[in-house]
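Every number in this text was worked out from the coordinates using simple rules, so none of it is lab data. Note that this is a predicted model, so its numbers are computed, not measured. Note that each Cβ is placed from the backbone with ideal geometry, even for glycine, and that neighbours are counted across all protein chains shown.
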């Protein structure tokens with residue numbers, strides 16, 4: 001049987017995940033926009049989220065898969081690490097050579113890379129990855145963590161983030177990636193192992 005991974009991102013179209021029963025392993029990014037029962041873990045990549053967790057401003061239930069910057073945060077805040085160590089499933093600090101730095105390697109990137117590299121997924125289903133499909137970087141994370149979402153910052157982020165997707169799809173040519181979205185007008189080049197599933 002194929003190894004299937006569902007990744008719930010934080011964009012507007014994440015709700016397509018709820019359209020039907022999803023069998024396979026589930027990953028979420030930071031705090032998902034809705035409960036994802038049985039999630040294997042939530043992927044966390046940045047200092048801002050870790051700071052909010054430490055301050056008690058937000059809570060992230062379930063197990064955590066932490067990137068390089070959260071690992072640094074844990075090293076610098078040992079009492080917090082000890083308190084929440086039971087939730088840390090693992091640290092995943094790989095940075096592929098097509099990503100210039102950890103800042104450009106966002107939560108969705110890391111979740112997809114983890115699914116392919118660590119879980120050896122045959123299929124990766126992506127929900128709420130709106131920055132690939134539209135000039136839309138809105139995130140449910142913005143509801144609890146302040147982020148700059150002006151046009152100039154969105155342009156900078158899309159210029160940094162979008163090329164990394166092509167790198168991931170090319171690095172794992174034997175994995176089928178399926179983006180679940182409201183249209184199929186993708187804004188970046190595609191590869192043969194990428195499909196788009198459109199919902200009305």
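At-a-glance table
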item	result
Relative contact order computed over segment 50-124 (Cα-Cα under 8 Å; 6+ residues apart), in percent	26
Candidates 70, 96, 32, ranked by Gaussian network fluctuation over the chain, Cα under 10 Å, top entry	96
Cα-only radius of gyration and Dmax that characterise the chain, units Å	16.0, 48
Directionally averaged projected area (convex hull, Cα atoms, segment 31-73), nm²	3.0
Ascending count of other beta-carbon atoms within 10 Å, so fewest first, for 175, 54, 28, 42	54, 175, 42, 28
Residue 80-residue 101 FRET efficiency (beta carbon distance; Förster radius 35 Å; 0.05 resolution)	0.90
Most mobile listed residue (43, 124, 88) in the chain, GNM with C-alpha springs under 10 Å	88
Sequence-separation-based contact order of the chain, relative, with Cα cut under 8 Å and 6+ spacing, percent	26
For 86, 131, order by how many other beta-carbon atoms lie within 10 Å, fewest first	86, 131
Per-residue [θ]222 nm for the chain (sum of -39500 (n - 2.57) over DSSP H runs n ≥ 4, rounded to 500)	-9000 deg cm²/dmol
